[in-house]
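Okay, structure first, notes after.
The values are calculated or read from the model by the stated rules, or taken from the named source; none is laboratory data. Quick caveat: nothing in here was measured; it's all calculated off a predicted structure. All Cβ positions, even for glycine, are placed from backbone atoms using ideal geometry, and neighbour counts span all protein chains on display. Ligands, DNA and RNA are excluded from the accessible area calculation, which covers all protein heavy atoms including side chains. Shrake-Rupley method; radii C 1.70, N 1.55, O 1.52, S 1.80 Å.
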Amino acid sequence: MVDKKLSGAGLRGQSAGETALCTVGKSGSGLTYCGYDVSDLADNATFEEVAYLLFNGELPTQTQLSTYKSELAAMRDLPQALKEVLQRIPASAHPMDVMRTGASFLGNLEPEENFDQQHQAANRLLAAFPAIMTYWYRYSHDKVEINCITDEDSTGGHFLKLLTGNTPSELHRRVMDVSLILYAEHEFNASTFTARVCASTLSDMFSCVTAAIGSLRGPLHGGANEAAMDMIQTFKSPEDAKVQMAGMLERKEKIMGFGHAVYSTSDPRNVIIKKWSEKLSQEFGDSALYDISVACEEFMWDTKKLFCNADFFHASAYHFMGIPTKLFTPIFVCSRLTGWAAHVMEQRSNNRIIRPSADYIGAEPRAVKPIDQR
Ligand SMILES: CC(=O)SCCNC(=O)CCNC(=O)[C@H](O)C(C)(C)COP(=O)(O)OP(=O)(O)OC[C@H]1O[C@@H](n2cnc3c(N)ncnc32)[C@H](O)[C@@H]1OP(=O)(O)O
Ligand SMILES: O=C([O-])CC(=O)C(=O)O
């Protein structure tokens, strides 16, 4: 791995605290959660095991996992008052705004009253997010009031069944599970840092998560998977993709789904989701979008030495599973909630309010002139 020069604006390369949860760009494939390589977790664990790991520091035993999954399954339904709020949000709303309102409103109905309730609050959000997203989506788009409880064992399967009403295939369940594992945690990224800053004021879990959703929403962060999909859908062929991208680079436009603040030559999550995207394209029976995505990857590396981050092949993978583009970033929320909540817990365990300084570049000291003399 070639070390990226981490300096300059955006606090790049500066340590802003300690964590035992994650390393980025340091060892193994380049991403570890609590010492486990993400590729090992993606191959040999489930998302619920990863959530348990992040919240408790160790992978669960079979008994612990079964108990944990039963607890989550029992918390999936939404309070009637939250359903009524979701019903009032128009179809034109951005689903990330729906997630933000959902998290915030749940915090009104079931507040975290003290930090002894932090696991309960995190698990409640983890269990409820798929229904918050899909209840609103199906009501506002299809006028269907869905049942927020399913018999699906996993978070990924539960989400897919809520969205379509159909039992998902094993392949789709597995890809959702891998995707949720890949997005779960990533050290001091912008949204997690937001959550930690909020936690450092001793605020509640729902406020920290609501703030983090706001940070994840932007296209330079989580919103890139949706933006990447919007882009690749405009390309007619692999050749057209290259021509269009050359134009974008010439106009100095950012190409969504490429580059990274920390990784220098590759994002270890890309190779994993790319493999699943290819598998899904074969099942889908039309590999055009996958082939276009591969052409984009080749072109960006050849011309700019920029590589796909976690978001790029997620776009085609989710598309092949029939997931509407506007729900891509909210799925990221369903997963990253685990990382955010784990960081909130870690911040609370050794807290000092996060309050950096600024270098002043404004006007010299001056006196206020009476308003009629300005
Ligand atoms: C899960 C995630 O959140 S992953 C990130 C998702 N975000 C995206 O995919 C958005 C597109 N990518 C980007 O905007 C950036 O690569 C970021 C925000 C991820 C990282 O930003 P930075 O750390 O500031 O980028 P970095 O310092 O590596 O940029 C180096 C140069 O490459 C350019 N560059 C970086 N990424 C891209 C891109 N995707 N398209 C075009 N140019 C790019 C930068 O403009 C910069 O050029 P300059 O030196 O002429 O100004
Ligand atoms: O670490 C970052 O800056 C962005 C990222 O990849 C993530 O949050 O998954």
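One table, with the values for the structure above:
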read-out: Residue pairs meeting the criteria (Cβ under 7 Å; at least 6 apart or on separate chains; first basic (Lys, Arg), in the range 222-235; second assigned to a helix (DSSP H, G or I) and surrounded by fewer than 24 Cβ atoms within 10 Å (Cβ to Cβ)); value: none
read-out: Unmet criterion (only one of (1) part of a helix (DSSP H, G or I); (2) more than 14 Å from ligand 1 (Cβ to nearest atom)) for Asp286; value: (1)
read-out: Scan of the range 195-234 for residues that are within 13 Å of ligand 1 (Cβ to nearest atom) and of a type outside the set (A, V, I, L, M, F, W, C), ordered by number; value: Ser215, Arg217, Gly218, Pro219, His221, Gly222, Gly223, Asn225, Glu226, Asp230
read-out: Filter result (without any contact (Cβ under 8 Å) to a residue 60 or more places away in the chain, of a type outside the set (Ser, Thr, Tyr), within 11 Å of Ile132 (Cα to Cα) and open to solvent by 30 Å² or more (accessible area, probe 1.4 Å)) within the range 98-120; value: Phe105
read-out: Filter result for Glu298 (among the acidic types (Asp, Glu), out of contact with any Pro (no Cβ under 8 Å at 6 or more places or on another chain) and within 16 Å of ligand 1 (Cβ to nearest atom)); value: yes
read-out: Set Thr201, Thr210, Thr194: member being more than 16 Å from ligand 2 (Cβ to nearest atom), of a type in the set (Val, Ile, Thr) and touching a helix residue (DSSP H, G or I) at 6+ places or on another chain (Cβ under 7 Å); value: Thr210
read-out: Residues located in the range 255-280, provided they are in a loop (DSSP other than H, G, I, E, B) and within 14 Å of ligand 2 (Cβ to nearest atom); value: Met256, Gly257, Gly259, His260, Ala261, Val262, Tyr263, Ser264, Ser266, Asp267
read-out: Residue that is farthest from Ala127 (Cα to Cα) [pool: residues in the range 22-44 that are touching a residue at least 24 places away in the same chain (Cβ under 8 Å) and surrounded by 21 or more Cβ atoms within 10 Å (Cβ to Cβ)]; value: Gly30
read-out: Enumeration of residues in the range 146-162 that are of a type outside the set (S, T, N, Q) and either in contact (Cβ under 8 Å) with a residue 60 or more places away in the chain or in contact with a Cys (Cβ under 6 Å, 6 or more places away or on another chain) (or both); value: Cys148, Ile149, Asp153, Gly156, His158, Phe159, Leu160
read-out: Qualifying residue in the range 334-342 (condition: closer than 30 Å to Phe206 by Cα, touching a Pro at 6+ places or on another chain (Cβ under 9 Å) and assigned by the TED database to the domain that holds Thr101); value: yes
read-out: So Ser39, is it over 27 Å from Asp151 (Cα atoms), assigned by the TED database to the domain that holds Ser215 and in a helix (DSSP H, G or I); value: yes
read-out: Flag for Thr63 being within 17 Å of the chain's Cα centre (by Cα), in the same structural domain as Ala212 (by the TED database) and over 24 Å from Phe129 (Cα atoms); value: no
read-out: Every residue from the range 187-197 that is of a type outside the set (S, T, N, Q) and surrounded by 22 or more Cβ atoms within 10 Å (Cβ to Cβ); value: Ala195, Arg196
read-out: Answer residue from the range 198-246, given it is of a type in the set (A, V, I, L, M) and open to solvent by 50 Å² or more (accessible area, probe 1.4 Å) and is farthest from Leu327 (Cα to Cα) among those; value: Leu202
read-out: Residue in the range 254-261 that is more than 10 Å from ligand 1 (Cβ to nearest atom), buried (at least 19 other Cβ atoms within 10 Å of the Cβ), of a type in the set (A, V, I, L, M) and not assigned by the TED database to the domain that holds Asp37 present; value: no
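This table checks each residue for (1) within 16 Å of ligand 1 (Cβ to nearest atom); (2) not small (Gly, Ala, Ser).
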position	(1), (2)
Lys4	yes, yes
Gly8	yes, no
Lys26	no, yes
Tyr36	no, yes
Asp40	no, yes
Ala45	no, no
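For every residue, the table says whether it meets (1) on the phi > 0 side of the Ramachandran plot; (2) under 14 Å from the mean Cα position of the chain (by Cα); (3) more than 16 Å from ligand 1 (Cβ to nearest atom); (4) surrounded by 24 or more Cβ atoms within 10 Å (Cβ to Cβ).
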position: Asp302; (1), (2), (3), (4): no, no, no, no
position: Tyr318; (1), (2), (3), (4): no, yes, no, yes
position: Glu346; (1), (2), (3), (4): no, no, yes, no
position: Ser349; (1), (2), (3), (4): no, no, yes, no
position: Ile361; (1), (2), (3), (4): no, no, yes, no
position: Pro365; (1), (2), (3), (4): no, no, yes, no
